[in-house]
Amino acid sequence: MTSPNDDKISKPRLINYANGPSLEEINGTVDVPKGMGFFKTLLAYSGPGALVAVGYMDPGNWSTSITGGQNFHYLLISIILMSSLIAMLLQYMSAKLGIVSQMDLAQAIRARTSKQLGILLWVLTELAIMATDIAEVIGGAVALYLLFHIPLAVAVFITVFDVLLLLLLTKIGFRKIEALVLALILVIFFVFAYQVALSHPLWTDIIKGIVPSADAFSTSHSVNGQTPLSGALGIIGATVMPHNLYLHSSIVQSRKLDHRNKDDIARAIQFSTLDSNIQLTVAFFVNSLLLIMGVAVFKTGSVADPSFFGLFEALSNPSIMSNSVLAHVASSGILSLLFAIALLASGQNATITGTLTGQIIMEGFIHMRVPIWLRRIVTRLISVIPVMICVLITSGKSTVEEHIAINNLMNNSQVFLAFALPFSMLPLLIFTDSKVEMKEEFKNTWIIKLLGWTSVIGLIYLNMKGLPEQIESFWGDHPTHDQLVLADHIASILIVLIILILIWMIYELYKGSKHANLAQERIVN
């Protein structure tokens, strides 16, 4: 797949046609020597899983996990586990699609659908990426504010210049980017592991919480305005991210591979899956540590403000710590300092992966490539606008009101993730069960098919079920009856739109696959 103008010499342009290999500048650039032992081979394939795992522990996950712990103790750990297992299944299929078909998910969808649908899906996915970008802007700005006492409005503006970090990273090679991301993940993990270790949690209760229970989906009682079901939906919504499926199907292709050798393909799938499963296990522990923090680090119900500001202040307040050891460490300011450092690390990690994903879907869906610095500046400026408006509107109000407004903006922006998720999961299942894309040898087995369809239908149902509540949250903590009715109407319209676009997409995928099957049969005959 090349541009029709490849044979012409032209001046460099900001916007270029792109219809070649996914992330062409890194595609097939990492050598994986044959004949190495198991662990050396695993190390060679390790890296893409770390970039994927970032999306499962970004700043958007933090408040949902900690609030879930504060309100329902260890009950929702089972939801974190379930979300992580589903994520492993989806990322396995995403990696397999990229390795076998040599296309990322966006390219595969575009190859089987019309230009009009491709543009629509690109817009929906861009909105989902920008929604996560808002969480990164807020997380990075708050971290700068807490660490260096930079005014919030200035800190928000400073986050635009993370493009300089990205430009530097593009010069040092993809393997070093993977190493940096892994190092930042380890920083986040050890910060929360240290804080939980000091809290001496009840491990028997934690183990009980891992066992799934119907109580986790209960709506019969609420704590601080939250039911177990709404807490579970918040964790699921913040965990399974649509853009990770596009990202993983692309970056696994960074490993050099002989696609004529089926054993090489099978080995790449095996070790890429191990890589992502290991990293997603780390993400599971990070999210579990955050929930355990909400239970064991603080006294029950003592954290009234689950925003980043509130958690920072809580970690420096000895009077609400659960034991004397934590109280002593909290009085030194170490706990709150470590929290802010982990928040900054999380925001920077998400910045790297968000930019790569944006490039993947732009090239895949609409065959357009722009320089990485230009793309980052444009998308970050768009994401900064609502945050800046929020900061400026609340600048004359109390500090608590400003913090609540910023936290609500971050939570409300996640509605776009629920909207975009079905349009990445369904095609992924369809493609990985197609002999055209997967060949007969690498199609999904019946157990993967069963688990995949159960997970996808379940996630789509839960996201749609939680959509009205997400829309209602736009009106604040105490919406009027009219606002609730309006929110339900908006949610109903969105659900109908999602269903109609899904039908359109499935029809085009079916028609495109039928043509591809006929073309393949003609080649064989």
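The values are calculated or read from the model by the stated rules, or taken from the named source; none is laboratory data. Please read all numbers here as calculations on a predicted model, not as lab measurements. Here the Cβ is made from the backbone with ideal geometry for all residues, glycine too, and neighbour counts use every protein chain on show. Keep in mind that these areas ignore ligands, DNA and RNA; they rest on the heavy atoms of the full protein, side chains included. Shrake-Rupley method; radii C 1.70, N 1.55, O 1.52, S 1.80 Å.
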note = Within the stretch 424-454, the residues that are modelled with pLDDT under 90 and either part of a helix (DSSP H, G or I) or under 21 Å from ALA131 (Cα atoms) (or both) are LYS435, VAL436, GLU437, MET438, GLU440, GLU441
inquiry  = Here is a list: ALA135, ALA106, ALA131. Which entry is at pLDDT 90 or above, hydrophobic (A, V, I, L, M, F, W, C), closer than 21 Å to ALA53 by Cα and part of a helix (DSSP H, G or I)?
reply    = ALA106
query = Of these, LYS171, LYS176, which one is open to solvent by 20 Å² or more (accessible area, probe 1.4 Å), of a type outside the set (Val, Ile, Thr), in contact with a helix residue (DSSP H, G or I) (Cβ under 8 Å, 6 or more places away or on another chain) and without any contact (Cβ under 8 Å) to a residue 60 or more places away in the chain?
reply = LYS176
task = Would you confirm whether any residue within the stretch 246-254 is open to solvent by 20 Å² or more (accessible area, probe 1.4 Å) and within 21 Å of SER83 (Cα to Cα)?
result = no
task = Any chance you could count how many residues in the stretch 414-443 are open to solvent by less than 10 Å² (accessible area, probe 1.4 Å) and polar (S, T, N, Q)?
result = 2
message = Given the condition in a helix (DSSP H, G or I), over 20 Å from the mean Cα position of the chain (by Cα) and touching a residue at least 24 places away in the same chain (Cβ under 8 Å), answer yes or no: does some residue in the stretch 255-262 qualify?
response = yes
task = Quick one: which helices (runs of 4 or more DSSP H) lie wholly within the stretch 30-94 and hold at least 2 residues that are under 15 Å from the mean Cα position of the chain (by Cα) and within 26 Å of LEU428 (Cβ to Cβ)?
result = 48-54, 59-72
query = Just one of ALA314, ALA405, ALA330 is free of Cβ contacts under 8 Å to residues at least 40 places away in the same chain, within 20 Å of GLY69 (Cβ to Cβ) and out of contact with any Phe, Trp or Tyr (no Cβ under 9 Å at 6 or more places or on another chain); which is it?
reply = ALA330
